[in-house]
């Protein structure tokens, strides 16, 4: 069959984003820190735009300091400070953060650390266990099998089965399940199931910290409106202000280059105004719909979806998603990411955020010798009106880096019976 050139006319309909709309959506999605960089870039590239930095004072932010990602050691030390550890164990755990590789593995064996520091091996192991209970899961492992076993336990697998399976990783990865079953005593179907999970686990638990997200800074404040409610207001000193140079803009008509730059400057300013209005409107809905959170505390977070906010404001849910991404509000001196105010709802009109706080409270109040199993926690939450399943409890517990009841009992028993290390504060050889 011969091919011949030809012309064909057809009419189609499609949605096209204008440059202004694309810019508005892009600016809306920027986090506060990213917007700082974007404003400086616009001012540097367009002579018609003037950048005015926030005045020095309590409301101004040190962006240069804020953009430095937190190190692995700082992340772990912050978590250790929140644990109910003996002072000696906490001090030793903080000290051992300096012995971690960039990937999160413990560089020295416990025996070498015990000998070098002149401390009992049990004290070293207790400090390592404290580190291993931190996020990211798998940190402070001595080798890959231990790292993967820690992650399996964190996902709810039995510790003995997790350790046995990970001790024979080579056989599992090669699919030699029959031999692995004989060596571990675990059924072949169980080993196949665990292998599927292991393949999806990260072998370098701290690798992602090299790309750690910068902290979230508030652009909006929620304050009392004097009538028993709350309102959202923009923080004027949260961002630099971008303004049009009126004198230079007046001469734009005489120079084609200036005309193009003026159009670009006005488009950028429109995008910024749109971002500010949208963010303030979304925060205003949050301030109204989450009234009980602001009035009575975090345990009273209400279910709220992006679709509900979008319907109230006449926006698309994706626009609301861009508006809350990487943004925060300031309330009574504390910064809260906007995303926590749009939590997943559970049956019974209770938000997932509230359920997680109640779960953490139940575990914090549990008897030291009888930690609550996930089934018991689910039953207690159901009595409080939270319709939640055991699997959901396990998922929330894992997300909050809370060990299983078995592991919590083992850790508490070790803290009671383990010998105390010598020295307080920074470990020293004695």
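Take every DSSP beta bridge whose two residues both sit in segment 218-343, then give the antiparallel share in percent to the nearest 5.
In segment 218-343, DSSP labels about 75 percent of beta bridges as antiparallel.
Provide 39, 372 in ascending order of the number of other Cβ atoms located within 10 Å of each residue's Cβ, fewest first.
The most exposed by this proxy come first: 372, 39.
Using Cβ contacts closer than 10 Å as the measure, can you line up 340, 80 from fewest to most?
Ranked by crowding around the Cβ, least crowded first: 340, 80.
Grab the beta carbon distance between residue 37 and residue 266, set R0 = 22 Å, and tell me the FRET efficiency rounded to 0.05.
0.55
Calculate, for residue 51 and residue 193, the FRET efficiency according to 1/(1 + (r/R0)^6) with r their C-beta to C-beta distance and R0 56 Å; round to the nearest 0.05.
That gives a FRET efficiency of 0.45.
Express the relative contact order of segment 72-210 as a whole percentage, based on alpha carbon pairs under 8 Å and six or more residues apart in sequence.
Reported relative contact order: 23 percent.
Quick one: compute the contact order of segment 346-413, relative version, from alpha carbon pairs under 8 angstrom and 6+ residues apart, as a percent.
This gives 39 percent for segment 346-413.
Hey, fewest Cβ within 10 Å first, where do 133, 31 land in order?
Least crowded to most crowded, the residues run 31, 133.
For segment 72-210, what number results from the quotient of the Cα radius of gyration and 2.2 N^0.38 Å?
Normalised Rg, Cα atoms only: 1.12.
Describe numerically, in nm with one decimal, the distance between label points set 7 Å from Cα along Cα→Cβ at residue 83 and at residue 280.
4.6
As an exercise, use a Förster radius of 41 Å and the Cβ-Cβ distance of residue 299 and residue 207 to find the FRET efficiency, rounded to the nearest 0.05.
0.70
Where a number appears in this text, it was derived from the coordinates with a stated rule and is not lab data. Please read these numbers as outputs of a predicted model, since none were measured by experiment. Here Cβ is always computed from backbone atoms with ideal geometry, including for glycine, and neighbour counts include all displayed protein chains.
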